[in-house]
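Read-outs: derived from the displayed coordinates by stated rules, not from any lab. Only a predicted model underlies this, so the values are computations on that prediction, with no experimental measurement involved. For neighbour counting, all protein chains shown are included, and Cβ atoms are generated from backbone atoms with ideal geometry for every residue, glycine included.
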Amino acid sequence: MRTVLASVLALSAAVCMRSWNGHLPHALWLPAALLVAAAGLVWHRQLASQLLARAVLWSNLILGVLITALGHGRERMIAVALAAATSGALLLLGRRGLGEGTPGTFAPIAFRRTLLALMVMALADAQTLIFFGTLTFEDSFAYASRAAVYFALGGGLLLGIIGLYRLRVWGLLLHAASCGALIATALAGVLRLPVELGWALVATAVAQLVISAPLAFRLVRGRS
């Protein structure tokens, strides 16, 4: 029943994503489609599917919270519904499907929770960056270079996640480099994001670096 309700809430969030006022950019189909996919992925027992579903929900939860704080009128009401649906789905899912018995090739001998948290957070940030890159590119071809920065940062995080999932050192290094680049570009104003969203991305990138520090320290000690 918990999975059924979580799936229904993910679909409800997808409806919210297509309910904003005015002309909706085509880029909004990306988060809407991912929410529909998440509604199906919660039923798949593979760890990768469970991680992706949670990352999609987290990304849209953050978006809903930010629009709730910054929006007004009907826009704010939709944002509240989006945040409520995604947070409700996350609460219902809990840690179901993330245990050591979950099917998949991911089987670290230590730091399992650290790696899971890193992958979910990085996936959520990657989705946000790719979404805004698509939105920027759709808005005007003149902003293609800025859109390329979004895509490069999101792509770096995705490749880092692949490396982390395969338990490769290069995955941790690429993830750290991508987080550092995200922090630098956001603080330098290169991304031209709303201030609140820019700080949210900086905060999550810093959190990921802090969370991964003990793992990096262990790797350095093990190789020295």
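At R0 = 30 Å, how high is the FRET efficiency between L209 and S145 if r is their beta carbon distance? Nearest 0.05 is fine.
Values: r = 27 Å, r/R0 = 0.88.
Efficiency for this residue pair is about 0.70.
Tally Lys and Arg at +1 and Asp and Glu at -1 over the other residues with C-beta under 12 Å from the C-beta of G160: what net charge comes out?
Details: positive: R166, R168; negative: D125.
Local charge sum for G160: +1.
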>> How would T86, T114 line up from fewest to most surrounding beta-carbon atoms within 10 angstrom?
In response: T114, T86
> Could you give the length gained on full extension between A152 and L5, defined as 0.36 nm per residue of separation minus the Cα-Cα distance, in nm?
Replying inline: 49.4 nm
>> If I stretch the segment between H44 and L187 completely, what's the gain in nm (0.36 nm per residue apart, minus their alpha carbon distance), one decimal?
In response: 47.6 nm
> In terms of the Cα gyration tensor, with a ≥ b ≥ c the square roots of its eigenvalues, is segment 107-224 rounded because a/c is under 1.5, prolate because a/b exceeds b/c, or oblate?
Replying inline: prolate
> Classify the chain: rounded, prolate or oblate, from the alpha-carbon gyration tensor (a ≥ b ≥ c, eigenvalue square roots; a/c under 1.5 rounded; otherwise prolate if a/b is larger than b/c)?
Replying inline: oblate
> In deg cm²/dmol, rounded to 500, what helix-only [θ] at 222 nm does the chain give when every DSSP H run of at least 4 residues adds -39500 (n - 2.57) and the total is split over its residues?
Replying inline: -26500 deg cm²/dmol
> For A117 and F217, FRET efficiency with R0 = 22 Å and r from the beta-carbon atoms, rounded to 0.05?
Replying inline: 0.85
>> Per-residue counts of other Cβ atoms within 10 Å, averaged by peptide: what ranking do you get for 201-208, 115-122, highest first?
In response: 115-122, 201-208
> How much FRET efficiency would the formula 1/(1 + (r/R0)^6) give for N21 and L173, where r is the Cβ-Cβ distance and R0 is 45 Å, rounded to 0.05?
Replying inline: 0.55
> Which of the DSSP-defined H helices in the chain satisfy a minimum axial length of 30 Å, computed from C-alpha atoms, and a minimum mean Kyte-Doolittle hydropathy of 1.6?
Replying inline: 47-70
